[in-house]
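Asks: Questions regarding the structure given below will be posed in turn.
The values are calculated or read from the model by the stated rules, or taken from the named source; none is laboratory data. Everything numeric in this text was worked out from a predicted model, so none of it was measured. Ideal geometry is used to build each Cβ from the backbone, glycine not excepted, and the neighbour counts take in all protein chains shown.
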Amino acid sequence: MTALPHTAVNPDQLLYPYWAEITQIKPETEGVGSIWLRFEDPAIRESYRFLPGQFNMLYLPGYGEAAISISSDPQDTKGMVGHTIRFVGNVTKAISRLKAGDVIGLRGPFGSAWPMDEIEGRDVVIASGGIGLAPLRPAIYHILHNRQKYGKVLLIYGARTPKDLLYPYEYEQWRAGGIDVQITVDRADETWDGQVGVVPMLFYRFRLDHQKSVVLTCGPEIMIRFVIYEGLARRIPAERIYVSLERNMKCGQGSCGHCQIGPYFICKDGPVFRFDALEKFFNVEEY
Amino acid sequence: MLNNPTINSTISLPKTEFDTLLAALRELGYQTIGPRVRDESIIYTHIEKLSDLPQGYTSKQGPATFRLVKSNHRRYFDVIPGAQSWKQFLFPPRTHLFTVEKVERWDIQPNAEKPPRYAFIGVRGCELAAIEIQDRAFLRADFHDPVYRARREGLFILAVNCLHPAGTCFCASMGTGPKVQGGYDLCLTELEDTFLIEIGSELGRDVISRCQYEPASGFLQSAAAKGLERAAGDMGRHLSLDDLPSLLTDNLELEHWDEVGKRCLSCANCTQVCPTCFCWDATDHTDLLAHSTRRERVWDSCFNPQYSYVFGGNTRPTIKSRYRQWLTHKLGAWKEQYDTFGCTGCGRCITWCPVGIDLTEEIAALRKEAQA
């Protein structure tokens, strides 16, 4: 499952970033925006590849680094990498104040990827909440590019309110590409005539073939937990449920220790895990 | 004097010749670092000559207790060290990585300082094992820490067999001492008038060949062996490893975790004195105009609340959860990560815990509850 990533990291210099210019900042929802980066070094621009689910460490000198998953299309990079960021911390808030033409540092890509090859031929359930859709969008793009390689594809996505839904302008394209896109919100407003309820509840609406289905999930930890329950309850085995986890990260190389959970360094052994690897301690509080 | 000391042979170096050995190391370009008395404790710092070492001292150690004791003996290596370990030299508590300057654009200047070449004088079995454990964390097949590697590759190790363990020692349980298990350039056993020295490397052989040494008699060798045997039975603590790591990794929800969580202050002392703890953070130090940023790597600890902070909260908000993380890592998950325990039985975490939490007792208590 863990493809060893191509790593745009200078191995002889700890935490050395490559510089990249912000080509575009696109506001997405309240407090969330996408920034597009273009490496200054043409050689890196040329060689940089990532897999769906991987992340980069973005560095703003004076503020520090933040681990941000890559949200753009892995196949169609045009020399650019996209990140959808929730501007909530020191580093990300400072990034939110930047503008096109500014330069920031980037290390990566790091971590494991969604098992796009391994799940070929299967029905794919993508269950996601809030900003958790960002690391899954590259997987969605991959499926759209290779639609015939997968069975039924169902995207269940939810946000707190209709205004918090990420990438609403792409849902129609995804539907047209053969993905059943199901959107739900926790709290509706006057603009909303769609489904209301939390993401795991949407599992009741669909008949999933447990022999064929895989689940890919990312979102708030509580949502992930219940998505897994719903998957397991439908006899989808833990070996076919994949989760992407988040922890504090400083290095991205399994060295600084922060992101550990049990025997794993989430930055190196994850962030994407097959659920059976986590089963033993996933429900242990505060572990 | 003999002409050709060979690797793996043992020679006898009169104590009067030890300064020659230190001088030889300096001639080869090493900074000689060893134990010294300071502030009623022992630190590791520069030493020039044998008389810099803590001759005639021992240390009395127990949970939350360290007392340096002046005794009648004349030996130099009898005192079990204090809070410091060799970790601070290979994995410095604060390292300047690079400076980023903004002129037209960001420009990186690496820290061009030449990494120091150290000769460690007096590395105990537990401490050498700790260095080898950190090697596994910092010198992986897929990731080499350049700061650590530069210091480690230039390192000379003069190890010391431990003849008088302290009250918090349990290296015999961990299989790391009191006899040094290898990985040294030279390994010394201190007898009354001489140092018995095993030569472990070509470099060690070279250094010894610059000194006036003598053959090691069978009498001296058997005296050293007897001393080591006695030391193995003199451990202040014992830890049974039979059911580790599963005792910890399978029992994350025992009540005893709450109990120890009430005593632990989450002060991070144990992780700072631990010779294997490797967690670090990266920090930026910026001038007022935000034109120049100095990026540093500093030690961190799983006991710091910020350590596991992500937006939305702290993954380990309680002291209990942090202590559990530390212990289940050290003697649990570490095994799966690095094929070794993260503990060498040096006892520092017991001695330097301000409330005297003793991991050997905590493991025993967890075991008792798990078996109940």
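Residue-wise test of (1) without any contact (Cβ under 8 Å) to a residue 40 or more places away in the chain; (2) touching a helix residue (DSSP H, G or I) at 6+ places or on another chain (Cβ under 6 Å); (3) assigned by TED's automatic domain parsing to the domain that holds A:LEU165.
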residue: A:GLU190; (1), (2), (3): yes, no, yes
residue: A:GLY194; (1), (2), (3): yes, no, yes
residue: A:VAL198; (1), (2), (3): no, no, yes
residue: A:TYR204; (1), (2), (3): yes, no, yes
residue: A:LEU208; (1), (2), (3): no, no, yes
residue: A:VAL215; (1), (2), (3): no, yes, yes
residue: A:ILE222; (1), (2), (3): yes, no, yes
residue: A:PHE226; (1), (2), (3): yes, yes, yes
residue: A:TYR229; (1), (2), (3): yes, no, yes
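Asks: Run down B:PRO146, B:PRO165 and say which single residue is touching a Leu at 6+ places or on another chain (Cβ under 6 Å) and assigned by TED's automatic domain parsing to the domain that holds B:ARG75.
Replies: Details: B:PRO165 fails: touching a Leu at 6+ places or on another chain (Cβ under 6 Å).
Within the list B:PRO146, B:PRO165, the selection yields B:PRO146.
Asks: Looking at the stretch B:252-302, which of its residues are under 16 Å from B:TRP334 (Cβ atoms) and not aromatic (Phe, Trp, Tyr)?
Replies: Within the stretch B:252-302, the first condition is being under 16 Å from B:TRP334 (Cβ atoms), and the residues that meet it are B:252, B:270-271, B:274-279, B:301-302.
Answer for the stretch B:252-302, where residues must be under 16 Å from B:TRP334 (Cβ atoms) and not aromatic (Phe, Trp, Tyr): B:LEU252, B:CYS270, B:THR271, B:CYS274, B:PRO275, B:THR276, B:CYS277, B:CYS279, B:SER301, B:CYS302.
Asks: I would also like to ask the following. Only residues that are in contact with a Leu (Cβ under 9 Å, 6 or more places away or on another chain) and either at negative phi or among the hydrophobic types (A, V, I, L, M, F, W, C) (or both): list them for the stretch B:330-351, please.
Replies: Matches in the stretch B:330-351: B:LYS330, B:LEU331, B:GLY332, B:ALA333, B:LYS335, B:PHE341, B:GLY342, B:CYS343, B:THR344, B:CYS349, B:ILE350.
Asks: Which of the residues that make up the stretch B:123-144 are over 9 Å from the mean Cα position of the chain (by Cα) and touching a residue at least 24 places away in the same chain (Cβ under 8 Å)?
Replies: If the condition is that a residue be over 9 Å from the mean Cα position of the chain (by Cα) and touching a residue at least 24 places away in the same chain (Cβ under 8 Å), then B:GLY125, B:GLU132, B:ILE133, B:GLN134, B:ARG136, B:ALA137, B:PHE138 are the ones that fit.
Asks: In the stretch B:252-272, which residue that is within 11 Å of chain A (Cβ to nearest Cβ) and surrounded by fewer than 18 Cβ atoms within 10 Å (Cβ to Cβ) is nearest to A:ILE261 (Cα to Cα)?
Replies: So the residue we want is B:GLU253.
Asks: Across the stretch B:111-169, which residue is nearest to B:ALA225 (Cα to Cα) among those that are of a type in the set (S, T, N, Q) and away from chain A (no Cβ under 14 Å)?
Replies: Step one: of the stretch B:111-169, the residues of a type in the set (S, T, N, Q) are B:111, B:134, B:161, B:168.
This time we only want the ones that are away from chain A (no Cβ under 14 Å), so: B:161, B:168.
Numbers: B:ASN161: 10, B:THR168: 23 Å.
By that ranking, first place goes to B:ASN161.
Asks: Identify, please: which residue in the stretch B:329-368 is among the aromatic types (Phe, Trp, Tyr) and more than 20 Å from B:HIS164 (Cβ to Cβ) and is, among those, nearest to the chain's Cα centre (by Cα)? Show your work before the answer.
Replies: Just the residues of the stretch B:329-368 that are among the aromatic types (Phe, Trp, Tyr), to begin with: B:334, B:338, B:341, B:352.
Among the residues that remain, those that are also more than 20 Å from B:HIS164 (Cβ to Cβ) are: B:334, B:338, B:341.
Working: B:TRP334: 17, B:TYR338: 17, B:PHE341: 14 Å.
The qualifying residue nearest to the chain's Cα centre (by Cα) is B:PHE341.
Asks: May I ask you to list the residues in the stretch B:274-296 that are under 24 Å from B:THR328 (Cβ atoms) and either at pLDDT below 95 or facing chain A (nearest Cβ under 7 Å) (or both)?
Replies: Hits for the stretch B:274-296 are B:PHE278, B:CYS279, B:TRP280, B:ASP281.
Asks: Search the stretch A:29-42 for residues that are over 19 Å from A:ALA94 (Cβ atoms) and pair each with any residue that is surrounded by 15 or more Cβ atoms within 10 Å (Cβ to Cβ) and among the polar types (S, T, N, Q) when their beta-carbon atoms are under 7 Å apart and the residues are at least 6 apart or on different chains.
Replies: Close Cβ pairs satisfying both conditions: A:ARG38/A:THR23.
Asks: Output the helices (runs of 4 or more DSSP H) that fall wholly within the stretch B:320-372 and possess 3 or more residues being in contact with a helix residue (DSSP H, G or I) (Cβ under 7 Å, 6 or more places away or on another chain) and over 15 Å from B:THR65 (Cβ atoms), or say none.
Replies: The helices (runs of 4 or more DSSP H) meeting that bar are B:359-371.
Asks: Taking the stated definitions as given, is B:ARG124 touching a Leu at 6+ places or on another chain (Cβ under 8 Å), of a type in the set (Lys, Arg) and under 26 Å from B:GLY342 (Cβ atoms)?
Replies: Answer is no for this residue.
Asks: Applying the selection to the stretch A:260-287, what residues are free of Cβ contacts under 8 Å to residues at least 40 places away in the same chain and at the interface with chain B (Cβ under 9 Å from one of its Cβ atoms)?
Replies: Hits for the stretch A:260-287 are A:GLN260, A:ILE261, A:GLY262, A:PRO263, A:TYR264, A:PHE265, A:LYS280, A:PHE281, A:VAL284, A:GLU285, A:GLU286, A:TYR287.
Asks: From B:GLU229, B:GLU253, which residue is closer than 18 Å to B:PRO165 by Cβ and without any contact (Cβ under 8 Å) to a residue 12 or more places away in the chain?
Replies: Unique residue meeting the criteria: B:GLU229.
Asks: Is at least one residue of the stretch B:297-304 closer than 30 Å to B:ASP107 by Cβ and more than 9 Å from every other protein chain (Cβ to nearest Cβ)?
Replies: Scanning the stretch B:297-304, I find at least one residue that is closer than 30 Å to B:ASP107 by Cβ and more than 9 Å from every other protein chain (Cβ to nearest Cβ), so the answer is yes.
Asks: Out of all the residues in the stretch A:23-55, which are surrounded by fewer than 16 Cβ atoms within 10 Å (Cβ to Cβ) and assigned to a loop (DSSP other than H, G, I, E, B)?
Replies: Scanning the stretch A:23-55 gives A:GLU30, A:GLY31, A:GLU40, A:ASP41, A:ARG49.
Asks: Which pairs have Cβ atoms under 6 Å, sit 6 or more apart or on different chains, and link a residue in the stretch B:352-372 that is on the phi > 0 side of the Ramachandran plot to one that is assigned to a loop (DSSP other than H, G, I, E, B)?
Replies: Pairs found: B:GLY356/B:PRO63; B:GLY356/B:ALA64.
Asks: Say we look at the stretch B:185-226 and pick out the residues that are small (Gly, Ala, Ser) and buried (at least 19 other Cβ atoms within 10 Å of the Cβ); which of these is nearest to B:PHE156 (Cα to Cα)?
Replies: Residue satisfying both the conditions and the ranking: B:GLY204.
Asks: If I ask for residues that are among the acidic types (Asp, Glu) and in a loop (DSSP other than H, G, I, E, B), which ones from the stretch B:45-76 would you list?
Replies: Scanning the stretch B:45-76 gives a single hit, B:GLU48.
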